[in-house]
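Every number in this text was worked out from the coordinates using simple rules, so none of it is lab data. Computed from a predicted structure; not experimentally measured.
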Amino acid sequence: MSSEAPATRRRAAPVVTLLLLSPVIAEVLFGATRITTLFVLVPQIGTWGCAALIIRDLVRRRRRGWPAILLLGVALAVAEEAVIQQTSLAPLVGVDPERVYGRVLGVNWVYLLWALGYESVWAVVLPIQLTELIFPARRDEPWLGWRGLVLAAIVFVLACLVAWYSWTQVFVPQFFPESAYRVPWAAIITAWAVIVALSAAALGVPRWSRAETKAARPVPPPWLVGVVAFVMGLPWFLLVFLAYGAAPTLPVALPLGAGLALACAALALVRHWASSASWHDAHRLALVFGAVVASMLAGFGVLQVGGAPLVDILGKLILNVIAIVLLIRLTREPQFRRTAV
């Protein structure tokens, strides 16, 4: 009996870690969930955490690679933005009605572009990558049995219903009645069609194997990979400020075009690096490190614009410092120091 307990804890450790890392990185460290509202982390574990866990398990079971995880992350973002909280379809909460920016045909296009990138990468891809780096021996295997997968799906659906009801039916009508909005059924049906198409594409991509041939070309040292991730990640958050009217006279096509170009460039660059035989765990950790620091820094701007009280700003600062210290400690693990060239 005593020997089974440690084995159970070892099996559960990556599951619990991913359940926590997804909402912590995407919501808490960024600052969308503040210290004074930290209680909402519980339902966020049910939505973001369970979703990341389900996505990873499905992809690993079908032996698909990171493109499949990213596509399913985008599908999750579409669900969040158009079905669950409907943020990209309803008028943005807190936006001056005289400075509405980028809303055409009932869609907040600039905000939607930001959300698709942020929620797929920072809520799904980065937490999964970081968890697999923390537990490298189990990175290629599913972490859930079929019963666990079903349980995670049930919790996810229930958490989504809570999130939908509390946001669209209670919070917005009560505190921002000018933003209360009933999304047309045509938009929701279209969103479901997109979700199904993305999911089918993700689970239908060619099978992936770690034995695939890697190109014999050099890659930048890990520290430079982290700097590039930070430099390319930080501008992404300009989209959310523009969506809230930071530059109302700027033609909408410019941030949309620039955002798509930045996303394509980042994906192409990471794919180029990852296809090299010189790409190792130290580079992967540096990529996560740089992107997470970019989101944490941008979050201070979000709090400032949102008029957050000092307690929330200080709380975020403390949590960000703790996260950076933990990431630095992780870089000192043997598997990362061996490849840090």
Who wins for biggest fluctuation among Val194, Val104, Val252 in a Gaussian network model of the chain, springs between alpha carbons below 10 Å? Val104
Whole-Hz couplings from phi, Karplus 6.51/-1.76/1.60, listed for segment 273-288; x for Gly and Pro: 5, 5, 7, 8, 5, 8, 7, 10, 4, 4, 5, 5, 5, 4, 4, 5
To the nearest 10 degrees, the tilt of helix 185-203 (Cα long axis) against the first principal axis of the alpha carbons of the chain is 10
Apply the Karplus parameterisation 6.51 cos²θ - 1.76 cosθ + 1.60, with θ equal to phi minus 60°, to every residue of segment 253-263 and state each ³J(HN,Hα) to the nearest whole Hz, in sequence, with x for glycine and proline. 4, 5, x, 5, x, 5, x, 5, 5, 5, 5
Provide the per-residue ³J(HN,Hα) series for segment 84-90, in order, calculated from phi with Karplus coefficients 6.51, -1.76, 1.60 and θ = phi - 60°, each as a whole number of Hz, with x at glycine and proline positions. 7, 9, 6, 5, 7, 9, 7
If amide H atoms are modeled at 1.01 Å from N in the peptide plane, then the residues at a separation of 5 or more from Val107, or on another chain, having amide H under 5 Å from its own are none
Taking Cα atoms, how many degrees apart are the long axis of helix 66-79 and the longest axis of the chain, rounded to 10 and kept between 0 and 90? 20
In deg cm²/dmol, rounded to 500, what helix-only [θ] at 222 nm does the chain give when every DSSP H run of at least 4 residues adds -39500 (n - 2.57) and the total is split over its residues? -19000 deg cm²/dmol
Could you state the angle between the C-alpha long axis of helix 146-164 and the longest principal axis of the C-alpha atoms of the chain, as a value from 0 to 90 degrees rounded to the nearest 10? 20
